[in-house]
Amino acid sequence: MPKIFTVTQLTSYLKGLVESDPILRQVWVQGEISNFTLHSSGHMYFTVKDDQARLRCVMFRTENRRLKFQPADGLAVIVGGRIGIYPKNGEYQLYVEQMEPAGVGSLYLAYEELKKRLAGEGLFDPDCKKAIPGFPRKIGIITSPTGAAVRDIIRIVRRRCPVVDLLVIPAQVQGEAAPRSLCEALRLAGSVPGLDLLIIGRGGGSIEELWTFNDEEVVRAVASCPLPVISAVGHETDFTITDLAADLRAPTPSGAAEMAVPELRELRRRLLLMEERLRSAALQMLERKRNLLEFMEKHPVLREPHRWLDERRQRVDEIWDGLVRTVQSRLEKARAALERNLAALDALSPLATLRRGYSICRKKVDGRIVREAGEVSPGEKVRVLLSRGELVCTVEEAEKGEKTR
Amino acid sequence: MNADRIKEKSFEEAISRLEKIITELEQGEQTLEDNLKLFEEGIALARHCRSKLDEAQGKVEILLGIKEGIPQTEDFQPHGEEEV
């Protein structure tokens with residue numbers, strides 16, 4: 001007897017088989033949407049079909065919230081998710097987690113490749129970013145002159161900071177000629193004198209329309225632009241490679257205008273505050289100097305200069321007297337010392353010796369002092385110097401003897 | 001610091017110099033003469049900044065091309081923003 005299943009049992013068995021299959025757990029399918037319905041719960045129900053088969057799909061609200069496009073019947077898409085079985089109606093279906101328009105899938109791959117390659121070249125390095133001026137004088141706007149972006153930027157710059165000059169540098173922002181047109185506009189912007197900031201961008205559009213801003217030449221032209229560049233492409237959720245190469249990314253063209261210029265009102269307020277501070281700092285400084293002056297004016301020298309002068313005169317006299325006293329006493333001491341020295345000098349003089357009865361004998365011929373008897377011969381004349389007067393004598397005899405002690 | 005050099009300053013340069021002058025005055029460590037000079041410079045800078053803010057409304061132009069190095073421009077009026 002073969003085993004008999006209930007419907008529930010068989011469905012449950014199949015569900016187990018399908019849902020544990022590694023391929024069916026994460027599968028990508030390409031086809032065309034049909035029977036699209038958006039339920040009031042926010043979930044999306046649709047079929048993806050090709051010319052021979054159809055596949056039921058459901059995309060829950062939590063997933064479809066992130067979609068960047070509106071799915072519709074006839075649209076070619078690539079859907080990714082898991083295959084499951086819904087027991088209630090016995091049908092298998094794809095639980096869609098991701099969905100992209102079919103043409104975009106290949107674009108997305110190219111985007112990732114270019115981004116990686118240019119990042120590798122250092123095109124997006126933070127060190128290469130130029131500073132955005134705080135108060136630009138003249139801003140170049142590279143965009144379509146007929147688009148919403150240029151209108152938004154002009155309106156907001158005008159409102160925030162009307163003194164700034166704006167120069168629209170027209171360029172095509174979508175279509176085949178757009179990359180070349182944008183590069184040319186960037187080149188022109190570089191040779192307009194006086195520009196100190198550029199905004200490059202466009203309003204929102206489909207991913208294909210924004211794709212120009214993922215063009216390699218455009219990205220390179222933005223990165224190498226000598227002026228600081230703010231990029232403003234599409235909406236907040238659109239990220240292009242131009243955004244990465246720009247010096248600053250704005251979420252939208254309006255956002256770019258707000259980032260580009262300061263609010264004049266705010267600057268006025270700031271300036272007013274500074275003028276106030278300047279004035280009060282100067283006043284305080286003067287106050288401090290005045291206080292110092294007052295302090296000095298109260299000083300006795302300035303308050304009663306005569307009294308001060310009298311005191312000083314008296315002091316000068318005192319010093320003078322002291323000086324005179326010192327000099328005089330020094331003079332007296334010097335005189336006494338001189339006299340003592342003169343007395344000592346006198347005691348040493350040969351004249352003093354003569355006074356004591358000694359005499360000095362000298363040869364008459366040459367005046368040489370005679371110290372020994374042998375120095376003269378008998379008959380030779382000598383002069384004998386006494387304390388008072390001199391004798392001229394003739395030597396009778398020279399008696400050589402011991403040296404007198 | 002003479003007036004011509006102040007006039008050449010951008011708004012940002014002038015503001016940042018003004019900020020420095022105020023700080024120096026607030027510290028007040030210079031001589032009276034230096035302080036007065038700083039104050040005068042500060043006043044000139046503030047006046048310069050004010051004139052930048054009070055400048056006439058800027059122009060909005062569109063670039064038509066560059067002929068022999070000179071940009072060819074004309075006034076620009078975005079669509080949907082006609083003057084009333």
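Every read-out reported here was derived from the displayed coordinates using simple, explicitly stated rules and does not represent laboratory data. Everything numeric here is computed off the predicted structure, so don't read it as measured data. Glycine gets a Cβ as well: all are built from the backbone with ideal geometry, and neighbour counts include every protein chain shown.
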**OP:** Per DSSP H run of at least 4 residues, take -39500 (n - 2.57); add these up for chain A, divide by its residues and hand me the 222 nm value, nearest 500 deg cm²/dmol.
**Re:** -14000 deg cm²/dmol
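What pairs from A:Lys129/B:Lys67; A:Lys138/B:Lys7; B:Lys7/B:Lys52; A:Lys138/B:Lys9; A:Lys138/B:Lys20 go past 21 Å between their alpha carbons?
From A:Lys129/B:Lys67; A:Lys138/B:Lys7; B:Lys7/B:Lys52; A:Lys138/B:Lys9; A:Lys138/B:Lys20, over 21 Å: A:Lys129/B:Lys67; A:Lys138/B:Lys20.
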**OP:** Could you please report the charge total around A:Leu195, scoring K, R as +1 and D, E as -1 over all other residues with beta-carbon less than 15 angstrom from its beta-carbon?
**Re:** +1
Original post:
Arranged by the count of other C-beta atoms within 10 angstrom, fewest first, what order do A:Cys183, A:Cys57 take?
Top reply: A:Cys183, A:Cys57
Subject >> Gyration tensor verdict on the range A:1-102 (Cα atoms; rounded if a/c is under 1.5, prolate if a/b is larger than b/c, oblate otherwise) >> reply: prolate
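What is the order of A:Lys129, A:Lys381, A:Lys115, fewest Cβ neighbours within 10 Å to most? Mind showing how you got there, number by number?
Details: A:Lys129 15, A:Lys381 12, A:Lys115 18.
Starting with the residue having the fewest Cβ neighbours, the order is A:Lys381, A:Lys129, A:Lys115.
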Subject >> Exercise: per-residue mean of other protein chain Cβ atoms within 10 Å, A:276-288 >> reply: 6
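Using a 10 Å cut-off on Cβ to Cβ distances, tally the other chain neighbours for every residue of A:152-164 and report the average as a whole number.
Numbers: counts 1, 1, 5, 2, 0, 2, 4, 0, 0, 2, 4, 8, 5.
Mean inter-chain Cβ contacts per residue within 10 Å come to 3.
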**OP:** Using Cα pairs closer than 8 Å and at least 6 residues apart in sequence, work out the relative contact order for the range B:24-84, in percent.
**Re:** 18 percent
**OP:** Compare A:Val376, A:Val222, A:Val150 in a GNM of chain A, Cα atoms joined below 10 Å, and give the one with the largest fluctuation.
**Re:** A:Val376
**OP:** Identify all lysines with a Cα-Cα distance to A:Lys400 below 21 Å; exclude those on the same chain that are fewer than 8 residues away in sequence.
**Re:** A:Lys363, A:Lys364, A:Lys381
Original post:
On a 0 to 90 degree scale, rounded to 10, what angle separates helix A:148-160 from the longest Cα axis of chain A?
Top reply: 40 degrees
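State whether the range A:274-405 is rounded, prolate or oblate according to the following rule on the C-alpha gyration tensor (a ≥ b ≥ c being the square roots of its eigenvalues): a/c under 1.5 gives rounded; otherwise a/b larger than b/c gives prolate, and the remaining case gives oblate.
Numbers: a/c = 8.49, a/b = 4.40, b/c = 1.93.
Prolate shape, in that a/c is at least 1.5 and a/b is the bigger ratio.
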**OP:** Along Cα→Cβ, 7 Å out, is where each label goes; now give me the distance between the ones at B:Leu32 and B:Glu8 in nm to one decimal.
**Re:** 3.4 nm
Subject >> the range A:136-208 - Debye-derived log10 I(q)/I(0), Cα point model, q = 0.26, 0.28 Å⁻¹ >> reply: -1.21, -1.32
**OP:** Using the number of other C-beta atoms within 10 angstrom as an exposure proxy, rank B:His48, A:His299, A:His43 with the fewest first.
**Re:** A:His299, A:His43, B:His48
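How charged is the neighbourhood of A:Ser387? Take every other residue with its Cβ under 15 Å from the Cβ of A:Ser387, and add Lys/Arg as +1 and Asp/Glu as -1. Before the final figure, lay out each step's value.
Details: positive: A:Arg355, A:Arg356, A:Arg383, A:Arg388; negative: A:Asp346, A:Glu390.
With Lys, Arg at +1 and Asp, Glu at -1, the net is +2.
Please compute the net charge surrounding A:Val163, taking Lys and Arg as +1 and Asp and Glu as -1 over other residues with Cβ under 9 Å from its Cβ. It would help to have the intermediate numbers written out before the result.
Details: positive: A:Arg137, B:Lys52; negative: A:Asp165, B:Asp54, B:Glu55.
Neighbourhood net charge equals -1.
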Subject >> Of A:Glu176, A:Glu263, A:Glu216, the one that fluctuates the most in a GNM where chain A has Cα springs shorter than 10 Å >> reply: A:Glu176
Original post:
Over the range B:1-57, what lengths in whole Å, largest first, do the semi-axes of the equivalent ellipsoid take, defined as the square roots of 5 times the eigenvalues of the alpha-carbon gyration tensor?
Top reply: 23, 11, 8
Original post:
Which whole-number percent gives the relative contact order of chain A, counting Cα pairs below 8 Å spaced six or more residues apart?
Top reply: 9 percent
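Across the range A:301-355, how large is the tail of the calculated P(r) beyond 16 Å, expressed as a percent of all Cα pairs?
When all Cα pairs of the range A:301-355 are counted, 67 percent exceed 16 Å.
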**OP:** Normalise the Debye intensity by I(0) for the protein assembly as shown, one equal point scatterer per Cα, no solvent, then take log10 at q = 0.08, 0.09, 0.12 Å⁻¹ and round to two decimals.
**Re:** -0.80, -0.89, -1.14
Subject >> Within a Gaussian network of chain B (alpha carbon springs, distance under 10 Å), most fluctuating of B:Ala46, B:Ala56, B:Ala14 >> reply: B:Ala56
